[in-house]
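Below is one structure, written out as structure tokens; comments come after it.
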Amino acid sequence: MFKIGILVSGGGSNLQAIIDRIEDGTLKDCQIVSVVSSNPEAYALERASKHGIPGLCIPRKGYADSKAYGEALAAHFDALQVDLIVLAGFLTILDAAFVEKYKGRMINVHPSLIPSFCGPGFYGLRPHIAALEYGVKVTGATVHYVDPEVDAGPIIAQKAVYVQEGDTPEVLQRRVMEEAEWKILPEAIGKISQAHIGG
Ligand code: GAR
């Protein structure tokens, strides 16, 4: 089994997309061994528990600095011997040492076509607000390996989504999730896990 640890902060719809593809057999030989939230209220934790997946909250507030927080996350994921960490709507900036430790073994989904509308401050609804303000006609989502720089690192997959007349940030966010994020994130995990198992 290819062991996956998932970091979340909110609703967890991307986590749900991964769970659904494992349960319907599209994502083979994969197991989510832990869902860790930075936020105790995250609905993502409820989604994990509904599917019998161990979930816990490791709040950033509980640690003196991001280095100590990264060490706590690493201790947790190391103990579980995870093969891949997935940032699925994880909104806390990670310490460089943690990122370095999991280099090539940690991926992120971002709701824009990187290098547009990304980097510090561009999370959640903000990339969509910025896309509408700029007036782009096409946006989308990106899955990439995580580098110490925010929203940087080798791109694994991207999918374009059309902006439509009258879109609000919320409507555009939902379309980008449905048409792009929920597809390319499980697909990227499938590719990485099959390469790992096959190699
Ligand atoms: C998703 O749109 C994800 O791409 C974004 O947060 C949302 C989380 O939704 N992540 C970022 O902005 C990271 N830079 P979810 O909790 O329903 O998966």
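Tabulated values for the structure
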item: Condition broken by A152, with the remaining ones in (1) under 12 Å from H128 (Cα atoms); (2) out of contact with any strand residue (DSSP E or B) (no Cβ under 7 Å at 6 or more places or on another chain) satisfied; result: (1)
item: Selected residue [among the aliphatic types (A, V, I, L, M) and over 22 Å from T142 (Cβ atoms)] from A44, A75; result: A75
item: When residues of segment 4-28 are limited to those that are closer than 15 Å to G52 by Cα, open to solvent by 20 Å² or more (accessible area, probe 1.4 Å) and touching a Phe, Trp or Tyr at 6+ places or on another chain (Cβ under 9 Å), the one nearest to the ligand (Cβ to nearest atom); result: Q16
item: Single unsatisfied condition, Q81 versus (1) over 18 Å from the mean Cα position of the chain (by Cα); (2) in a strand (DSSP E or B); (3) among the polar types (S, T, N, Q); result: (2)
item: Contacts under 6 angstrom Cβ, first residue in segment 165-185 being under 14 Å from H144 (Cα atoms), partner part of a helix (DSSP H, G or I) and near the ligand (Cβ under 10 Å from one of its atoms), 6 or more apart; result: E181/N14; L185/N14
item: Residue among V176, V150, V146 that alone is within 10 Å of the ligand (Cβ to nearest atom), under 22 Å from L27 (Cα atoms) and either at pLDDT below 95 or in contact with a Gly (Cβ under 8 Å, 6 or more places away or on another chain) (or both); result: V176
item: Tally of residues being open to solvent by less than 80 Å² (accessible area, probe 1.4 Å), assigned to a loop (DSSP other than H, G, I, E, B) and within 15 Å of the ligand (Cβ to nearest atom) across segment 29-50; result: 3
item: Segment 144-162 - residue that is surrounded by fewer than 16 Cβ atoms within 10 Å (Cβ to Cβ) and assigned to a strand (DSSP E or B) and, of those, nearest to the chain's Cα centre (by Cα); result: I155
item: Pairs, first of a type in the set (A, V, I, L, M) in segment 103-118, second more than 10 Å from the ligand (Cβ to nearest atom), C-beta under 6 Å, six or more apart; result: M106/I85; M106/V146; I107/V86; I107/Y145; L113/G140; L113/Q158
item: Residue in segment 55-64 that is under 19 Å from G190 (Cβ atoms) and within 15 Å of the ligand (Cβ to nearest atom) present; result: no
item: Residue ID - nearest to the ligand (Cβ to nearest atom), chosen from residues in segment 95-143 that are polar (S, T, N, Q) and buried (at least 19 other Cβ atoms within 10 Å of the Cβ); result: N108
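The values are calculated or read from the model by the stated rules, or taken from the named source; none is laboratory data. For clarity, every value in this text was computed on a predicted model and none was experimentally measured. Every residue, glycine as well, gets a Cβ built from its backbone with ideal geometry; the counts of neighbours run over all protein chains shown. Heads up: the accessible areas ignore ligands, DNA and RNA and are worked out on the full protein's heavy atoms, side chains in. Shrake-Rupley method; radii C 1.70, N 1.55, O 1.52, S 1.80 Å.
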